[in-house]
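Here the structure is laid out as structure tokens; the discussion comes afterwards.
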Amino acid sequence: MGQTPAPTGGTVAIRGALLDCIADPFYEPEAQAMRYIPDGLLVVRDGHIAHLGTYEEVAPILGEIPITDYTGRLITPGFIDTHIHYPQTGMMAAYGEQLLEWLNRYTFPTEGKFADPAYARSVAELFLDELLKNGTTTALVFAAVFPASVDAFFEAAEARDLRMISGKVMMDCNAPDYLSDTAQSSYDDSKALIEKWHGRGRLLYAVTPRFAGTSTEAQLKLAARLLDEFPDVYLHTHLSENVSEVAWIQEMFPQYSGYLDVYDQTGLVRARSLFAHGVQLTNAEFQRLSEAKAAISFCPTSNLFLGSGLFRIEQAKNPAHPVKVGLGTDVGAGTSFSMLQTTNEAYKVCQLRGQKLSAFKALFLATLGGARALCLEDKLGSFDPGKEADFVVLDPQATPLLALRNEKGIPETLEALADVLFSLVIMGGDRAVTATYIMGEQAYGTAF
């Protein structure tokens, strides 16, 4: 079990090498997009960033404020996972199928277990432990079709004071009876859950049709009604993941011009809509997402594991029609809770497409990019004063191989840091996470 943070009060200071993104390095020179303080102090007051600067500048004015010293460690904003399924925690590494067969053979039977609230609670606790162990402090999370699965997740997240987003899956066709709702019941249940949980503490709600293949047009339109009635909730679903899936959706909805158009014409393509995958999107669909200010979650470990394809990040980040992009682990098709392992696979996907994903671009996708994708950049993603103090402490010498690779430790310059950070992007994992902090309180790890 992870440590449950106590309510934050007073002021604390954290010493270490501070690194965050202050702009998008896909569009700005990396030297201008990154903020790096090799020996810095991060001052946290009442759970929020109060100040940051060099140790030399800030330490003399702290007075009696205690300092937690992580000298030799790299401190970044907490990682943001923009697409993950907590009910699929127990079915990671399910062998041998691509998307549609995988859903029927593995996913649906696993999610059926979440009709039991006690089981849902136990998995929610394990799931959150794993997120914190890997430095993930915020996630956009699929629950199951059962309202009690949402309650279980939010109860566990609330107890830890986490900034989490989740919602009840909506499925009224092409699913087993034990996992099916109706258009009306999904609307009613979702509305009750929104009224119960959205905006409670740090919790937020996402209207969550699984994907167009398991929803009727009537259900999708009722999902849009919820977005109209509650304009600050999210829409979270899947889009254009797999070639066979895209063809099937076109057969199901021949009256629409394509997969994205199904969502668009039913009212679901909006600024607070996040679509997972987008591997098979057309250029016109990328442009439409840009116009709507909607977001995509790039899920490389899942896309590779299920053989879905290679995401065209260069098209998503095209300055002529930019789309907000975050990273998603997509557990359980995804193969790791670690956002560092996810950046590893993202780099390889980009290489296969003839693109280069730098360490700083990878960090952006995992932090400020994810915050922007979730419309939370005013609260998360960087060390700007006033933001919530969720951050992760990374050890660039956490394993013997990393220690050999980074034998000189924390560098003084941003240019040299690029190499150290890239080693963490490729070789890092949960062992590289020294500690995870939530609202300025340590939620995982031991003091250094």
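Pairs please, first residue from the range 340-367 and closer than 21 Å to Phe391 by Cβ, second anywhere and of a type in the set (Ser, Thr, Tyr), Cβ atoms under 6 Å, 6+ apart in sequence or on different chains.
Thr342/Thr301; Thr342/Thr329; Ala362/Thr343
Kindly provide the set of residues from the range 418-448 that are within 27 Å of Pro66 (Cβ to Cβ) and either buried (at least 22 other Cβ atoms within 10 Å of the Cβ) or aliphatic (A, V, I, L, M) (or both), ordered by number.
Once the filter is applied, which keeps residues that are within 27 Å of Pro66 (Cβ to Cβ) and either buried (at least 22 other Cβ atoms within 10 Å of the Cβ) or aliphatic (A, V, I, L, M) (or both), the range 418-448 yields Ala432, Val433, Thr434, Ala435, Thr436, Tyr437, Ile438, Met439, Gly440, Ala443, Tyr444, Ala447.
Restricting attention to the range 199-219, which residues are in contact with a Phe, Trp or Tyr (Cβ under 7 Å, 6 or more places away or on another chain) and farther than 14 Å from Ala143 by Cβ?
Of everything in the range 199-219, those that are in contact with a Phe, Trp or Tyr (Cβ under 7 Å, 6 or more places away or on another chain) and farther than 14 Å from Ala143 by Cβ turn out to be Ala212, Gly213.
If you check every pair at least six apart or on different chains, which have Cβ atoms under 8 Å apart with a residue in the range 68-86 that is under 14 Å from Ala366 (Cα atoms) first and a residue that is among the charged types (D, E, K, R) and modelled with pLDDT of 95 or more second?
Thr76/Asp20; Pro77/Asp20; Pro77/Asp390; Gly78/Asp390; His83/Asp330; Ile84/Asp330
From Ala93, Ala50, which residue is in the same structural domain as Val393 (by TED's automatic domain parsing) and among the hydrophobic types (A, V, I, L, M, F, W, C)?
Going through Ala93, Ala50 in turn, just one is in the same structural domain as Val393 (by TED's automatic domain parsing) and among the hydrophobic types (A, V, I, L, M, F, W, C): Ala50.
Provide a single number: the residues in the range 396-428 that are acidic (Asp, Glu) and either farther than 18 Å from Tyr36 by Cα or modelled with pLDDT under 95 (or both).
Looking only at the range 396-428, we keep the residues that are acidic (Asp, Glu), and these are 407, 412, 415, 419.
Add one more test, that the residue is either farther than 18 Å from Tyr36 by Cα or modelled with pLDDT under 95 (or both), and what stays is 407.
Final tally of qualifying residues: 1.
Hey, Leu327 hits all of (1) under 14 Å from Asn303 (Cβ atoms); (2) outside the structural domain of Leu239 (by TED's automatic domain parsing); (3) buried (at least 24 other Cβ atoms within 10 Å of the Cβ) but one; which does it fall short on?
Of everything listed in (1) under 14 Å from Asn303 (Cβ atoms); (2) outside the structural domain of Leu239 (by TED's automatic domain parsing); (3) buried (at least 24 other Cβ atoms within 10 Å of the Cβ), Leu327 misses just condition (2).
Could you check how many residues of the range 370-409 are under 30 Å from Arg270 (Cα atoms) and either touching a residue at least 12 places away in the same chain (Cβ under 8 Å) or surrounded by fewer than 17 Cβ atoms within 10 Å (Cβ to Cβ) (or both)?
21
Which of the residues that make up the range 183-195 are touching a helix residue (DSSP H, G or I) at 6+ places or on another chain (Cβ under 8 Å) and either not assigned by TED's automatic domain parsing to the domain that holds Val141 or not aromatic (Phe, Trp, Tyr) (or both)?
Ala183, Gln184, Ser186, Asp189, Ser190, Lys191, Ala192, Leu193, Ile194, listed by residue number.
Among the residues of the range 165-188, is there at least one that is touching a Pro at 6+ places or on another chain (Cβ under 7 Å) and surrounded by fewer than 23 Cβ atoms within 10 Å (Cβ to Cβ)? First the steps, then the outcome.
Applying the first criterion (touching a Pro at 6+ places or on another chain (Cβ under 7 Å)) to the range 165-188 yields 168, 170.
Right, trim to surrounded by fewer than 23 Cβ atoms within 10 Å (Cβ to Cβ) and you get none.
There is no residue in the range 165-188 that is touching a Pro at 6+ places or on another chain (Cβ under 7 Å) and surrounded by fewer than 23 Cβ atoms within 10 Å (Cβ to Cβ).
As an exercise: evaluate Arg353 against (1) assigned by TED's automatic domain parsing to the domain that holds Asp20; (2) in contact with a Lys or Arg (Cβ under 7 Å, 6 or more places away or on another chain); (3) over 19 Å from Pro38 (Cβ atoms) and give the number of the one condition it does not meet.
Evaluating Arg353 over (1) assigned by TED's automatic domain parsing to the domain that holds Asp20; (2) in contact with a Lys or Arg (Cβ under 7 Å, 6 or more places away or on another chain); (3) over 19 Å from Pro38 (Cβ atoms) leaves (1) as the failure.
For a quick check of your reading: which strands (runs of 3 or more DSSP E) sit entirely within the range 262-347 and have at least 3 residues that are of a type outside the set (Gly, Ala, Ser) and either under 14 Å from the mean Cα position of the chain (by Cα) or closer than 15 Å to Ala362 by Cα (or both)? Spell out how you get there, then give the answer.
Working: elements: 273-277, 295-298, 324-327.
Per the criteria, 273-277, 324-327.
Would you confirm, using the coordinates I've provided, whether Tyr106 is farther than 25 Å from Ala389 by Cα and part of a helix (DSSP H, G or I)?
Numbers: farther than 25 Å from Ala389 by Cα: yes; part of a helix (DSSP H, G or I): yes.
Here the answer is yes, as Tyr106 does meet what is asked.
Return the residues of the range 222-245 that are within 17 Å of Ala271 (Cα to Cα) and in a helix (DSSP H, G or I); say none if nothing qualifies.
Ala223, Ala224, Arg225, Leu226, Leu227, Asp228, Glu229, listed by residue number.
The values are calculated or read from the model by the stated rules, or taken from the named source; none is laboratory data. Just so it is clear, the model here is predicted, and its values are computed rather than measured. Counting neighbours? That spans all protein chains shown, and the Cβs are built from the backbone with ideal geometry, glycine included.
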